[in-house]
Amino acid sequence: MSDRTSFIRSDLAQLTAYTPHPGGESAAIVDHLDTNESPLDLPAEIKSKLAWAYQQEIEANRYPDGSHEQLKGAIAQYVEESANLTDHLTTANISVGNGSDELIRSLLISTCLGGEGSILVATPTFSMYGILAKTLGIPVVTVSRQEEDFSLNLEVAQQAIDTTNTPPIRVVFMVHPNSPTANALTSKELEWLRSLADNILVVVDEAYFEFSQTSVVGELAQRSNWIVLRTFSKAFRLAAHRVGYAIANPDLIRVLEKVRLPYNLPSFSQTAATVALQQRQLLLPLVTETREERERVWSVLKENSKLRVWQSQANFLYLRPRNTTTDNHENILAEITSKLKAQGTLIRHTGGGLRITIGTPEENNRTLQRLEKII
């Protein structure tokens, strides 16, 4: 680190920033299948409602509603209905963030900052848990997944918790279903999470709940150390608005509210999320179409003898080339990614494999044809 930046923490020099594909290359790219977004924009009638709200209701010179009460009420109702909960949810069970990333950061600040704890993640998984922890100076303990089905190696995970003492593991992050591998938590994994001591926070990230229709929300009433994260960026098609939310017991939610920034979610984003929930009958049918396309694309890819593709419970597929050596595996992945990009398709090279978002039938067909030629 140069003398000009000697005031910066020395450990940050070792970190690599998260760098999504720059927007400037959009003109050359036809198929954006790298970030698990919805393939379709909002319907025109919802965009019209949002345009009217911006013109008639939102005062640009005023700060947003810092309590998020209307949005949190709509979220609580949606979660309760979608999970068929017998326990009533209120706004006290919900915290809203500028994307799930903000909520993850708030959880890390609340639990591990100041050398009080480390986190456990099972790789490959969503990279932001580790990235955000390291930016805060929080140690990250990684354990492997079993390649056959990408379930957690439970013996290794338990050993990590038992032997990590300086500082102890305070938070376990699990994704349900996982990204990039698209597998949901198994019954054994859930039993292990239930067995963890109450002084360990269990974070279950359900960003792809609408596609998997599997959730642990029903267990939150009995588990004060569990929290569920979700997002409006996927099934609800609001990636541009950056709205995430957490569901947990009121005591844990109150802690998140203490550390979040004031006015953290713009008025327009709050309005967009609220309208999306009110109009979900227009948005969520696309989930069924995406799941059907996912199965179609998977059935094509699994017939390719040079690829191994895993079944998915999310809106993307994960695959790896067969019969590669350790030395050339990553080079092959990079070459496939680069060649697809040159032909107009963006996919994600991550975790020792390729993650391909399910797009429209036309996008998927083009990608399958291009991938077949490259392979």
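The values are calculated or read from the model by the stated rules, or taken from the named source; none is laboratory data. The shown structure was predicted, so the numbers you read here are calculated from the model rather than taken from an experiment. Every residue, glycine among them, receives a Cβ derived from its backbone with ideal geometry; neighbour counts consider all protein chains shown.
Miscellaneous remarks
- Residue match in the stretch 274-292 (condition: crowded, with 17+ Cβ neighbours inside 10 Å, more than 22 Å from Thr214 (Cβ to Cβ) and in contact with a helix residue (DSSP H, G or I) (Cβ under 8 Å, 6 or more places away or on another chain)): yes
- Among all residues of the stretch 318-338, there is at least one that is closer than 30 Å to Arg105 by Cβ and assigned to a strand (DSSP E or B).
- From Thr181, Thr163, Thr186, residue being over 28 Å from Leu354 (Cα atoms), modelled with pLDDT of 95 or more and out of contact with any helix residue (DSSP H, G or I) (no Cβ under 9 Å at 6 or more places or on another chain): Thr163
- Test: residue in the stretch 291-303 that is in contact with a strand residue (DSSP E or B) (Cβ under 7 Å, 6 or more places away or on another chain), under 23 Å from Asn364 (Cα atoms), at pLDDT 95 or above and in a loop (DSSP other than H, G, I, E, B): yes
- Scanning the stretch 81-110 for residues that are of a type in the set (S, T, N, Q), assigned to a helix (DSSP H, G or I) and in contact with a strand residue (DSSP E or B) (Cβ under 8 Å, 6 or more places away or on another chain) returns Asn93, Ser100, Ser106.
- Filtered residue count, the stretch 163-205, keeping only those that are assigned to a strand (DSSP E or B) and not hydrophobic (A, V, I, L, M, F, W, C): 4
- Only listed residue being modelled with pLDDT of 95 or more and more than 22 Å from Arg237 (Cα to Cα), chosen from Ala197, Ala221: Ala197
- Of all residues in the stretch 144-162, those that are in contact (Cβ under 8 Å) with a residue 40 or more places away in the chain, more than 18 Å from the chain's Cα centre (by Cα) and assigned to a loop (DSSP other than H, G, I, E, B) total 1.
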